[in-house]
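K.L.:
Please find one structure pasted underneath; my questions will follow.
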C-alpha cells in the first residue's frame, strides 16, 4: 500500500535527485582508496613450529604486524595425515598484547592432502579492527605416530575485501560506516551552507576490562577525539572530546555531533581526524562514525521528499479493512488507504523474514540476492539504500528483531544509521521502541531527503500478556469491544505466549479456537 503522491515521487526519483544539495561521505572516499589492498600471503616457512606434549597441540607462530581491518577472510592451507582441530589467534595490540583466539575452530581432514580452512574476520557481528603483533595457529588433539610430524603448513592468506564499500561497526546495536585509524587527513573544498556531521564511538566490553584488569586504572583510561582544520597554513581545533566508557556509562555507544562549516565556504580545508589513547591503548576501540559534510542548499526544494518502507512482519492482509475484512482491525491504516494505491496481487518471494525482506530492499529474487537462513547477501548486490545514498539521501534502518536483520546479512548496506536490538540484550523490541528511535533520528537529521526502513516484529511474536484482546493503550482497544479473551489462551503456553507457540500448540491440537475467535 503506497500513497499516490509517494508512488509518483518514487518513480520521479532517479531523474530528479541530483538537482539539490550534496553529501560528501568521508568514509566512502577513504575506503575507495583502501580497497586497492592486495592479499597478504604468508608462506609456511615464515612460521616457527612447536609441539606441546602436555596439551597435545602443535603451534605455528608468525612474528610480524598484521592490520586486520584491511582484510575480510583468512585462509589457512594445511596438509595432515593425522586428526586434529584447527584454531588460530593473535597477540593483540589492543588488549595489552594478550593472546586472543578466534571463536571458531575447524576439524583437520587427515588424508595427507592440502586443504584450505577459511575463517571470517568477524566476532559476533563486528569486524576485527585490531593490529596483531604475531599470528598463532594451533592444531589441537595431535596424536598417533609422529605426533604431528606429517602436518605441514603450506601458507596463510589474508584476503582483502572484494568491494570498496566502507567497513562498518556495530556498537550497542547501531551500525554505521567507520574510520578507525589514529590519525587521518582529508582535504576537501567545503560547499556553501555546509555542516560537518559525525559520530564518535567507543566499544565497551566487560570481558576486556576483566581480562586486562583495567578497573584499577580506569580513571586514566579512555579516548580523546580531536578534529583539526588547516586553511592557508592556519590551524585550529574544530572539535575535542574525551570518552571513558569504563567510568561513565553515558560514554558507551555512539554520540552524534554537528558542527557549522559556514566560515569555510568555498575554501579548500584539510581536516585531520585524531584519536588519542589516554593511558594504555589496551581495551580501547574508538571509531569515527560516518563523518559527512552536508550542504544544506536545496533542502527546501519541491523535489525533496522522504521515502519510507514500513514492514509489519506476518501481518495478514485479509484481516485488514482496506482488503475487505469485516471487523475494525485497522482503522488508521484504513484512513491512510483512502488516498493510496493498494496492491492486491503482491506476493512474497519466500515466506521467511530475512529472505523476503532482502527481496523487498533489492528488487531481486532470492537466488539472485543470495540470502538464506545462514548465508549473507552476495557482495555484488546493491540495496535501495545504496542507490538512494548516491542520489543525495540520508538513509536509516530500524528493525525490531536482531537475528534476521544482522548487519552482516547485507541489510546495513547503504545505511548511514542501522539499528537492531543489541546482541548482548533482548533480541527483540517493541514497535514503540523502534519508532521512537526512528523519530529521534529524523528529528536530528532535519532534512526531507531521507530514506527510512522500519521493521515491526510485534505481530510475529511479541504478544504482551493479555493480547490480542487487551492492549495497553486506549487507542488500541478496538479488539476488546468485539470479543472477550478466550479462557484457554494460556493453556500449555507460557505466561506471555507468542504467536509462534500458539500456532504450534494449535497445530498439534493442544488448544482449540472457534472460527469466530480465529477471525
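What follows is calculated from the coordinates using simple rules that are stated; it is not laboratory data. Small disclaimer: the values here were computed from a predicted structure and weren't measured. Positions of Cβ are generated from backbone atoms using ideal geometry, with glycine treated the same way; all protein chains shown enter the neighbour counts.
K.L.:
On full extension of the chain, what length is gained from residue 37 through residue 52, given 0.36 nm per residue of separation minus the C-alpha to C-alpha distance?
P.N.:
Extending this stretch completely gives an extra 1.8 nm.
K.L.:
What is the spin-label model distance, in nm, from residue 459 to residue 296 if the labels are put 7 Å beyond Cα along the C-beta direction?
P.N.:
Inter-label distance under the simple model: 3.9 nm.
K.L.:
Hey, another quick one. Work out how much length residue 270 to residue 319 would gain on full extension: take 0.36 nm times their residue separation and subtract the Cα-Cα distance, in nm to one decimal.
P.N.:
11.8 nm
K.L.:
Using only the Cα atoms of the range 40-160, what semi-axes does the equivalent ellipsoid have when each is the square root of 5 times a gyration tensor eigenvalue? Give whole Å, largest first.
P.N.:
Ellipsoid semi-axes (Å, largest first): 24, 15, 13.
K.L.:
Just order 359-365, 236-242 by mean Cβ neighbour count inside 10 Å, highest at the front, would you?
P.N.:
359-365, 236-242
K.L.:
Here's another thing I want to ask about it. Among 396-402, 79-85, how do they line up from the highest to the lowest mean number of other beta-carbon atoms within 10 Å?
P.N.:
With the highest mean Cβ count within 10 Å placed first, the list reads 396-402, 79-85.
K.L.:
So if each residue of separation counts as 0.36 nm, and I subtract the Cα-Cα distance between residue 241 and residue 228, what length gain in nm does that give?
P.N.:
3.4 nm
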